[in-house]
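The values are calculated or read from the model by the stated rules, or taken from the named source; none is laboratory data. Source: prediction; values computed, not measured. Note: ideal-geometry Cβ built from the backbone for every residue, glycine included; neighbour counts use all protein chains shown.
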Amino acid sequence: MPTLSLALRSIWNRRATALLTIFAIAVSVTLLLGVQKLRVAAKDGFANTVSGVDLIVGARSGPLNLLLYSVFRVGDATANVSWDSYQKIARHPDVAWTIPISLGDSHRGFRVMGTTLDYFRHYHFAGSRELRFAAGKPFEDLYDAVLGADVAEQLRYRLGDPIVIAHGIGNVSFANHDDKPFRVVGILARTGTPVDRTVHVSLEAITAIHIDWQSGAQAMPGQRVTAEAARSRELQPDSITAFMVGMQSKVMTFTMQRAINEYRLEPMLAIIPGVALSQLWSLVGIADTALMIVAAFVVLAGLLGMVTAILTSLQERRREMAILRSVGARPRHVFALMIIESVALALAGVLLGVCLTYGALYLGQPLLQSRFGIFVAIGGLNAYDFAILGSIIAAAFLMGVLPAWRAYRNTLSDGLTLRI
């Protein structure tokens, strides 16, 4: 206890330098804990990009490819699923609901997705969160369009604005469906998922804009179907890109998956989204590991700064060490004094860093959720967090050995020979 009291008084005597050291460690701890909290939230959000969907069905290819184009709007399907096969599965008594998806067109670099109103009813993300409208409503008319938050923000669209869909998925297209323009009737609230970067229209609209297209080319001017004439045509699609399935009972999910994968009339693939998302995260999750490594080096830099500050002050404190030796302090007491100072500075920095982390999370939670769609739960420290903080204090203890050893070797005569 006398050594602890002496160490605290010594720190107080050098409080300006000590406060800067503590603050440097606190900032490092804040960054490390903040990255840890964000990576956990990002992983949970990634795993919950789509929720409540039991199966995703598409043409037979690979699970990740099906997941990428159906959920993340990345890449293209190797083939489509016939409307008849979709209807047969949708009408199965074990199936509660389905969401058909038709892809292939774009608008100024954003993917266009044809679907039904069931999409707005049954599509969930981040656990059980439903799609909400920031403005407007779902599509009703054939040429209505609902925009994701990023589409509306980046292209500065408002309700009632006209948009023209392009054929294909390039950023620049020379084949536009400008004879059948759409009107913005709804803008979805931000979700932090690929929904934000999607233009949603009805399945019938996708059929209508391609009604006079053959083999990727539009009919000659005199043979084209006008926008109004298309309304009276049969607009049931011949095929769709993929569809999502919600089961009446989760128990039947694997049975339905096996039945679809063994479907003989058409080669199809059914995947469980959660399993495929976990596989995909194992491929892209290297980025969050890199962030943790960078944050760990920042903490190391903070601890090195602490050691540097203590070592720099040793020359000024040689008289202090000599006086302590002269009044009966043993070399081990001087050694312990330096170790206690290092640990005390690190502990104060860790406590301040934890406070800063939770303060930043509390203030930044609404922004992260509304702007990036990342929900960071503000809870207590878990075992992993305590392990991280304990490792920092242990590292401070080990780093404190160097200045402690230097002080230990300072002899009484070395201190007394200093000029007063």
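Count of the stretch 98-122 residues, restricted to those that are modelled with pLDDT of 95 or more and assigned to a loop (DSSP other than H, G, I, E, B), is 2.
In the stretch 49-74, the residues that are over 21 Å from G148 (Cα atoms) reach residues that are of a type in the set (S, T, Y) with C-beta atoms within less than 7 angstrom, at least six apart or across chains, in these pairs: D54/T253; L55/T253; I56/S70; G58/S70; G58/T241; A59/T78; S61/T78. For the stretch 228-282, filtered to residues that are part of a helix (DSSP H, G or I) and touching a Phe, Trp or Tyr at 6+ places or on another chain (Cβ under 7 Å), the residue that is modelled with the highest pLDDT is L277. Within the stretch 123-152, being of a type in the set (D, E), in contact with a Lys or Arg (Cβ under 9 Å, 6 or more places away or on another chain) and not in a strand (DSSP E or B) holds for D141, D150. Of the helices (runs of 4 or more DSSP H) lying entirely inside the stretch 1-97, those containing at least 2 residues that are at pLDDT 80 or above and buried (at least 16 other Cβ atoms within 10 Å of the Cβ) are 15-47, 63-71, 83-90. Screening L64 on (1) farther than 30 Å from T241 by Cβ; (2) assigned by TED's automatic domain parsing to the domain that holds G114 shows it passes everything except condition (1). Screening H177 against (1) within 23 Å of F243 (Cβ to Cβ); (2) modelled with pLDDT under 90; (3) crowded, with 18+ Cβ neighbours inside 10 Å leaves a single unmet condition, (1).
Modelled with pLDDT under 65 and exposed (fewer than 13 other Cβ atoms within 10 Å of the Cβ) - does that describe any residue in the stretch 344-366? Within the stretch 344-366, none of the residues are modelled with pLDDT under 65 and exposed (fewer than 13 other Cβ atoms within 10 Å of the Cβ). Among the residues of the stretch 64-106, those identified as among the charged types (D, E, K, R) and within 23 Å of G52 (Cα to Cα) are R73, K88, R91, D94. Listed conditions (1) in contact (Cβ under 8 Å) with a residue 12 or more places away in the chain; (2) more than 25 Å from V184 (Cβ to Cβ) are all met by D141, apart from (2).
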